[in-house]
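Report on the structure given below.
The values are calculated or read from the model by the stated rules, or taken from the named source; none is laboratory data. From a predicted model like this one, the values you see are computed outputs, not experimental measurements. With ideal geometry, Cβ positions are generated from the backbone for all residues, glycine too; neighbour counts draw on all protein chains shown. Accessible surface areas use protein heavy atoms only, side chains included; no ligands, DNA or RNA. Shrake-Rupley method; radii C 1.70, N 1.55, O 1.52, S 1.80 Å.
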Amino acid sequence: MLIRPLRLTLSLLAIAALVCVVAMATYQISRQMGMSELQATGRHRLDLYAASLEREIGKYAYFPATLGLERDVLDLLARPEDGRLTETLNSYLEQLNERAGTLAIYIMTRNGKVLAASNWRRSDSYVGEDLSFRAYFKEALDSGNGRFFGIGTTRSEPGYYLSSALVDGERTLGVAIIKVGLDQLEKSWSTVEAPVLVADENGVVILSSVPDWKFTTLRPLDENTRSAFDRTQQYNRRALQPLGVRETALLGHGARLVRVARDPQETVSTFAVAGPFLAQSQALTGTPWTLTVFSHVESVDEISAIRAAVAGISTLLLGILVMMVLQWRRHLSDRLAAREAL
């Protein structure tokens, strides 16, 4: 009499163990497949984002150098006291800025003083300012060209600066600067579910589809870097607080699992901007910047859990069915044995 209850208990334990094994295996396999698909999607998004940003910047890459072909520009740098020429060049830069859709265009002497600017009519015009401390100015004098992302010291307006040395023969007379806004590009990014950001060489987020992420940092800034920012006023003395990205696992092909600890109430977004993500990064050609895409992993976990539950329930039902069939066959066998005994 004790054999059957014991056998039934062992059978139930075996079924329970099988259900656990099948559910766990299904979850792991489903999650691996989901993560592989997520990585493939992330790489595709990286390529699209990088191409859109490089295309936007590339439109203006040679713009500053072309100003060196304008005779009025070189003449004003040679005769900065010429008021008539200054007025003519201001008007020209104003019209050029409107046609190009840039934020500002201006000409600086080799000492860093702004001689002419497209915003010369404004009360906060750059004309007359000394911007010799700006990195794009120094780079242009040293190497011929400069690239720089920063926040303007006059209007606190972020933008991408492209500069080029203005040369007449063997002499460098000054520097031409184009300031480009990337707001429209960011707005186009914000329509995609996966958050994206661009960080500079110091880990400062300079572009992002999540407004609250801008001008945060991916890693702590050392004192030397903060001192350099104060000196160049690259970010106009912004606080630059950490974004709160913590790496939890390293995957293949440069992908990694991270957790963003940002308080979701700090920003308004259609999509989740905090929690676990699959992060994938790539360097941007021609810049020291890094582009990173954050893909949501919660959907992968949810789908894997559902599949594991379905597999576990199916295994449980199949196990119970097999056990019932075996019990029925054993019952028939007992009845036959009893009949033969009689």
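Identify all residues within segment 73-86 that are over 17 Å from T172 (Cβ atoms) and surrounded by fewer than 16 Cβ atoms within 10 Å (Cβ to Cβ); write none if there are none. Those that are over 17 Å from T172 (Cβ atoms) and surrounded by fewer than 16 Cβ atoms within 10 Å (Cβ to Cβ): E81, D82, G83, R84.
Quick check: is even one residue across segment 101-109 open to solvent by less than 50 Å² (accessible area, probe 1.4 Å), in a helix (DSSP H, G or I) and at pLDDT 90 or above? No: zero hits. Note down all Cβ pairs under 8 Å where the first residue falls in segment 176-189 and is under 30 Å from G144 (Cβ atoms) and at pLDDT below 85, the second is open to solvent by less than 20 Å² (accessible area, probe 1.4 Å) and assigned to a helix (DSSP H, G or I), and they're at least six residues apart or on different chains. Every condition considered, no pair remains. Scanning segment 41-84 for residues that are within 22 Å of A176 (Cβ to Cβ), without any contact (Cβ under 8 Å) to a residue 60 or more places away in the chain and of a type in the set (A, V, I, L, M) yields L69, L76. Among residues belonging to segment 121-174 that are farther than 20 Å from E201 by Cβ and touching an Asp or Glu at 6+ places or on another chain (Cβ under 8 Å), point out the one that is modelled with the highest pLDDT. So the residue we want is R121. Taking segment 61-70 as the range and being over 17 Å from T172 (Cβ atoms) and either at pLDDT 90 or above or not in a loop (DSSP other than H, G, I, E, B) (or both) as the test, only F63 passes. Residue count for segment 35-53 under the criterion of being open to solvent by less than 70 Å² (accessible area, probe 1.4 Å) and either over 21 Å from the mean Cα position of the chain (by Cα) or among the charged types (D, E, K, R) (or both): the result is 1.
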